[in-house]
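What follows is a single structure, written as structure tokens, with notes after it.
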Amino acid sequence: MSVSQATFRSALLDAEEAVPEGLLDGSDTPAGARFSVYRNNVVVSLTEALRTAFPLIYKLLGAQTFDRLAAIYVRQQPPSSPLMMHYGQELPKFLQSFQPLSHIGYLPDCARLDIAMRRSYHAKDAAPINPSVFQTDPEELMSLRLALAPATIVLRSDWPLHDIWRLNFEPDAPKPRATAQDVLITRPEFDPAPHALQPGGADWLQHLQNGMAFGSAHEATITAAPSFDLSAALSQALQTGALTEFKTKDS
Amino acid sequence: MLDNSPRAPNLPNAPGVGYKPQHFTDLRADPGPVRWIEVHAENYMGDGGRPLAQLRALADQFALSVHGVGLSIGGEAPLDRDHLARLKTLVGWSSPASFSEHLAWSTHGAEFLNDLLPLPYTSETLQRVADHIDQVQTALGRQMLLENPSSYLCFAESTWSETDFLAELVHRTGCGLLLDVNNVFISATNLGLSAESYIEAFPLHAVGEIHVGGHDEDTDDHGAPLLIDSHGKPVVDPVWSLLAFALAKSGPRPVLVEWDNDVPDWPVLRAEAERAALALAPAQ
């Protein structure tokens, strides 16, 4: 008559399974539909967590479709940690092979954007770089090592990802262009914001992140993306608070 | 007096509210009778950003209660050491006046089910929960409070009443208790018991905090009332009466109003805190 937590859990996520024996109402009769309170709590609370975590996906799909997707996802991929702020990491991969929504090719990248925005929101605080570090002689400048703030995230996409985000969250945003867009997410204070990167911009930030000096990062970037505009990239990085403390070659 | 905190004074015997980020500005500008706040531990385990900044600012103005919802103290499996370490970090830097968790489980294997699931009350589960509480109190270096659950069903295998089970946990571990009178009302209604008798049997000397909150009304297969702990509505009159009944027996305690879903504008929640202040007045 004892109900193990394995039995309880199994019946919890599978509504077809019988309610475990040994669960009663207050007058010693089988609990029956009372068990559904727990079934419902689990699915509703996890669906709610996904709604909060994936605002772009929610906007794109609408409440009904999103909740149907969530009802399947939460059963296949329940959280692996009590930190609901991290829930849904597998959703992009899940969407890639989810047949009913496979006609919306950009959905997985949109889910990645939602995850990146959330990661940025909870990332460690960091003071933005002081722009005066760039007022130095050219040789010194080329040897500067810049660091991305912990809340700065670069996302590469084959879709017009930034345009898609704008269309869903900014009034009077233009229709997405038929172009690939890498996205820079930064968090000046508390609210992460996505920005479109120019061609080569993601490479450049990646090189900086990997510890390459300012000069070498530029050279490596223009080799792959000859149109890369360093001054535009630097001014975007400074204006959006993408950079934090820097290190010189010797430090 | 309970010693729930090595560094900060105890929670005041006054109204508190479950903190919601949308109330940040209004709560600080116009707290009404609110002297303390409670936060869900798991929402403050990120590395930085707004949640931690808000918590630091709030801790300057209000006494703080950290309330865990993810430790799975009633779980069959050992406690999650990583999660315990995160709790230790949070409790370390935020120095709350109180730390509490639930008599429930939520983790099974590698899965976290995000609900407070029930356990049978047997000598075996009693020892397991006591061991887990010992482990928490040792890791955090302080006493914890354990909250009574809201029940929708019970276990045929249970051999202990919930109140005896909780009293024995207090005896074995030295933990304190968090008496949720809304949960008492829900469980009593759902299981056909007397809420007053439950409170009379409850080890009130160990109560370091009281919760009130709203619930939903449904019915079971046989048309019997089935109340659901939703924290999405005002506290109903019978729960305020039960609070008065408990306070008359226990003496003044910190009383928290919980409102987690369909969260109203601040003045509505503040008005609930004012009702809690009224309930506390005769007990002071």
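In this structure, does B:F112 turn out to be in contact (Cβ under 8 Å) with a residue 40 or more places away in the chain and within 9 Å of chain A (Cβ to nearest Cβ)?
yes
Condition check: open to solvent by 10 Å² or more (accessible area, probe 1.4 Å) and within 28 Å of A:Q5 (Cα to Cα). Does B:H40 satisfy that? Against the criterion (open to solvent by 10 Å² or more (accessible area, probe 1.4 Å) and within 28 Å of A:Q5 (Cα to Cα)), B:H40 qualifies.
Kindly check whether there is at least one residue in region B:214-222 that is under 30 Å from B:R128 (Cβ atoms) and not hydroxyl-bearing (S, T, Y). Within region B:214-222, one or more residues are under 30 Å from B:R128 (Cβ atoms) and not hydroxyl-bearing (S, T, Y). Taking the stated definitions as given, is B:L113 closer than 30 Å to A:T29 by Cα, open to solvent by less than 20 Å² (accessible area, probe 1.4 Å) and over 14 Å from the mean Cα position of the chain (by Cα)? Spelling it out, B:L113 is indeed closer than 30 Å to A:T29 by Cα, open to solvent by less than 20 Å² (accessible area, probe 1.4 Å) and over 14 Å from the mean Cα position of the chain (by Cα). With respect to (1) aliphatic (A, V, I, L, M); (2) open to solvent by less than 30 Å² (accessible area, probe 1.4 Å); (3) modelled with pLDDT of 95 or more, the lone exception for A:L60 is condition (2).
Please pick out the residue among A:P192, A:P188 that is surrounded by 17 or more Cβ atoms within 10 Å (Cβ to Cβ), touching a residue at least 60 places away in the same chain (Cβ under 8 Å) and in the same structural domain as A:T240 (by TED's automatic domain parsing). Matching residue, one of A:P192, A:P188: A:P192. Picking from residues in region B:189-227 that are touching a Gly at 6+ places or on another chain (Cβ under 9 Å) and of a type in the set (A, V, I, L, M), the one that is modelled with the lowest pLDDT is B:A224. Restricting region A:128-147 to residues that are assigned to a loop (DSSP other than H, G, I, E, B) and open to solvent by 70 Å² or more (accessible area, probe 1.4 Å), the residue that is farthest from the other protein chains (Cβ to nearest Cβ) is A:D137. Scanning region A:219-232 for residues that are in contact (Cβ under 8 Å) with a residue 12 or more places away in the chain, closer than 18 Å to A:A126 by Cβ and open to solvent by 60 Å² or more (accessible area, probe 1.4 Å) turns up nothing. It is to be established whether one or more residues within region B:95-102 are small (G, A, S) and over 17 Å from the mean Cα position of the chain (by Cα). Within region B:95-102, one or more residues are small (G, A, S) and over 17 Å from the mean Cα position of the chain (by Cα).
Right, B:G70: assigned to a loop (DSSP other than H, G, I, E, B), within 11 Å of chain A (Cβ to nearest Cβ) and farther than 19 Å from B:D134 by Cα or not? No; evaluated as a whole, the condition is false for this residue. Among the residues in region A:148-165, are any surrounded by fewer than 17 Cβ atoms within 10 Å (Cβ to Cβ) and more than 21 Å from A:T223 (Cα to Cα)? No, region A:148-165 contains no residue that is surrounded by fewer than 17 Cβ atoms within 10 Å (Cβ to Cβ) and more than 21 Å from A:T223 (Cα to Cα).
If you check A:S27, A:S45 for being more than 24 Å from B:F112 (Cβ to Cβ) and either within 14 Å of another protein chain (Cβ to nearest Cβ) or open to solvent by 10 Å² or more (accessible area, probe 1.4 Å) (or both), only one passes: A:S27.
Among residues of region B:125-144 that are under 19 Å from B:G208 (Cβ atoms) and among the charged types (D, E, K, R), those with a beta-carbon under 6 Å from a residue that is part of a helix (DSSP H, G or I) and at pLDDT 95 or above at least six positions away or on a different chain give the pairs B:D134/B:T173.
The values are calculated or read from the model by the stated rules, or taken from the named source; none is laboratory data. Note that the coordinates shown come from a computational prediction; the quantities given were computed from them, not determined experimentally. Virtual Cβ from ideal backbone geometry, glycine too; neighbours counted across all protein chains shown. Remember, those area values only see protein heavy atoms, side chains included, never the ligands or the DNA or RNA. Shrake-Rupley method; radii C 1.70, N 1.55, O 1.52, S 1.80 Å.
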